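Read-outs: derived from the displayed coordinates by stated rules, not from any lab. These numbers come from a predicted model, not from an experiment.
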Amino acid sequence: MKENNKLRGYIGVTSREWFTFLKENNITQDVNFWRKNTKKFNCLKEGDYFFFLVKNEHGVKG
């Protein structure tokens with residue numbers, strides 16, 4: 001938990017293929033996440049959570 005008991009995180013939309021690759025290879029740290037936006041990504045601080053939202057064939061599934 002973070003200060004003030006607030007949980008900080010970011011939800012990044014990703015493809016099923018990328019998520020499956022990470023899972024099958026037990027990759028849980030230092031994962032590359034590419035965005036089309038060229039602005040600096042500063043939504044997270046060290047220790048915050050990054051969640052993957054996996055797209056399905058019809059778009060995004062929550």
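Values computed for the structure shown
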quantity	calculated
10 °C / 1.306 mPa s Stokes-Einstein diffusion coefficient of the range 3-60, Kirkwood radius on C-alpha pairs, µm²/s	121 µm²/s
The range 3-60 - percent relative contact order, Cα under 8 Å, separation 6 or more	64 percent
Whole-Hz couplings from phi, Karplus 6.51/-1.76/1.60, listed for the range 31-40; x for Gly and Pro	8, 7, 9, 9, 10, 6, 5, 9, 5, 4
